[in-house]
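Engineer: Have a look at this one before I ask anything.
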Amino acid sequence: MGLRIVVLGTRGIPARYGGFETFAEEISTRLVQRGHEVTVYGRRRFGEPSLAETTYRGVKCRVVPTVMHKYLETPLHALMSFLDLFRVKFDVALLCNAANSPFAWLPRLRGLPLAINVDGIERERSKWNSLGKAWYKLGEQTSVWFGSRIIADAKVIAEYYRERFGVESSVIAYGATTTYREAGPVLQKFGLTAGRFLLYVSRFEPENNALGVIEAYCALPSAERSMPLVMVGDAPYADKYKKLLRERACEGVIFTGFQFGEAYQELRSHCYLYVQATEVGGTHPALVEAMAYGNAIVANDVPEHREVLGDSGRYYDKNKFAMLTEVLRELMKNPASVTALGQSAKGRAGELFNWDKITDQYEKLLSSLAKGERVL
């Protein structure tokens, strides 16, 4: 008999924002295919019409209100979602992001088993003021207090919770799927040639180092910038930083905004190489996706990236963007090395980051929690 599973803490599905939304879509749709009843909570602004429950690829979608504000959006949506849970019966809940955990006592109050995917150490991001950092710190502690089980998507995150709180986590990786798209309208729109552009994908936040990547690229002599740098991403509440990126960009830097679905797939299918410049967090979805597409990858040398990418990519010393310039210069002159890196990354992704295998792990964990079994 299937479980009644609820997924909370994201902006909802279909994915139109970031990693957790993609995660919610990939996991929930697969669980539905396996005979479970799955509901994913999404967001709407206060004052917008209340939407009737809809269905997406067999998954029930419930939308509850929040205030679209940098510091209030996530916690208020968590509170409204948890209160709404008292109207609907579920067997087990999966909560995304430790920032939602301070209100997690509410589902536990009604006896609902709760698995919490804590994400990375978000309070280290400079975009948060002291109050925001304190909230994330509280979220880490309340995840331990109220979660039936902590889930980490990387061993380095599990080690952090072990050392700081003395708790063990279930380590379940992030997955990736690929859909190859022929070169078409998206490349044409941005004036790109297949196999002749560099790609960066991330939210435009300081710790994701979009500025460092732009400066590394622009440090190349103009004659060596034969391939444009395509910057895929955006960020709410970051107008000042986004303005700075555009001011520092040289000729050859192309900003596309967020790209999803077929547009994103087309860009992934045809880039020459991919730069992963993030420095905070656990497993970054864009890195895993780049591997699955067989993109050659140049990565900021932090433990999280080493854990995911292993020896299947090239690294530059942490935040040493002058070194990134040299790596880009070398690889742009050496397509054979780029091809070999892409093949190695694709093979590693197939072994470690398969959504079906990851769904197996989540299904087993959620079933055990629903039955009241101890999870080891």
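Engineer: Mind checking which helices (runs of 4 or more DSSP H) fall wholly inside the range 119-232 and carry at least 2 residues that are farther than 29 Å from Leu244 by Cα and outside the structural domain of Thr22 (by TED's automatic domain parsing)?
Structural biologist: On the way: elements: 130-146, 155-165, 185-189, 210-218.
Answer list for the range 119-232: none.
Engineer: Of all residues in the range 291-313, count the ones that are hydrophobic (A, V, I, L, M, F, W, C) and in a helix (DSSP H, G or I).
Structural biologist: Filtering the range 291-313 for residues hydrophobic (A, V, I, L, M, F, W, C) gives 291-292, 296-299, 302, 308-309.
Filter again for in a helix (DSSP H, G or I), leaving 291-292, 308-309.
Qualifying residue count, the range 291-313: 4.
Engineer: Further question on the same structure: Quick one: how many residues across the range 35-64 are crowded, with 20+ Cβ neighbours inside 10 Å and of a type in the set (Gly, Ala, Ser)?
Structural biologist: Number of matching residues: 1.
Engineer: Modelled with pLDDT of 95 or more and either polar (S, T, N, Q) or farther than 28 Å from Ile172 by Cβ (or both): which single residue out of Val275, Val298, Val327 fits that description?
Structural biologist: On the way: Val275 fails: either polar (S, T, N, Q) or farther than 28 Å from Ile172 by Cβ (or both); Val298 fails: either polar (S, T, N, Q) or farther than 28 Å from Ile172 by Cβ (or both).
On inspection, the qualifying residue turns out to be Val327.
Engineer: Here's a follow-up. Please find, among Leu109, Leu95, Leu138, the residue that is of a type in the set (A, V, I, L, M), at pLDDT 90 or above and buried (at least 19 other Cβ atoms within 10 Å of the Cβ). Quick ask: steps written out before the conclusion?
Structural biologist: Numbers: Leu109 fails: buried (at least 19 other Cβ atoms within 10 Å of the Cβ); Leu138 fails: buried (at least 19 other Cβ atoms within 10 Å of the Cβ).
Residue meeting the stated conditions: Leu95.
Engineer: Please go through the range 262-291 and pick out each residue that is surrounded by fewer than 21 Cβ atoms within 10 Å (Cβ to Cβ) and among the aliphatic types (A, V, I, L, M).
Structural biologist: Ala263, Val280
Engineer: If you don't mind, there's one more thing I want to ask. For the range 260-290, name all the residues that are part of a helix (DSSP H, G or I) and either of a type in the set (Ser, Thr, Tyr) or in contact with a Cys (Cβ under 8 Å, 6 or more places away or on another chain) (or both). Steps first, answer last, please.
Structural biologist: The first filter runs over the range 260-290 and keeps only residues part of a helix (DSSP H, G or I), leaving 261-270, 285-290.
Hits for the range 260-290 are Tyr264, Ser269.
Engineer: How many residues are touching a residue at least 60 places away in the same chain (Cβ under 8 Å), closer than 23 Å to Tyr272 by Cα and in a helix (DSSP H, G or I) when one looks only at the range 343-359?
Structural biologist: Looking only at that region, the number is 1.
Per-residue answers, yes or no, for (1) small (Gly, Ala, Ser); (2) at pLDDT 95 or above:
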position: Val7; (1), (2): no, yes
position: Gly19; (1), (2): yes, no
position: Pro49; (1), (2): no, no
position: Glu53; (1), (2): no, no
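Engineer: A follow-up question, please. Can you tell which of Gly12, Gly35 is part of a loop (DSSP other than H, G, I, E, B), outside the structural domain of Gly233 (by TED's automatic domain parsing), over 22 Å from Pro65 (Cβ atoms) and of a type outside the set (Phe, Trp, Tyr)? Break it down stepwise before answering.
Structural biologist: Details: Gly12 fails: over 22 Å from Pro65 (Cβ atoms).
Result of the check over Gly12, Gly35: Gly35.
Engineer: Could you grab me the full set of residues in the range 311-321 that are exposed (fewer than 15 other Cβ atoms within 10 Å of the Cβ), touching a residue at least 24 places away in the same chain (Cβ under 8 Å) and more than 14 Å from Ala296 (Cβ to Cβ)?
Structural biologist: Lys318
The values are calculated or read from the model by the stated rules, or taken from the named source; none is laboratory data. Everything quoted here is computed from the prediction, not taken from an experiment. Don't worry about glycine lacking a Cβ; one is built from the backbone with ideal geometry, like all the others, and counts go over all protein chains shown.
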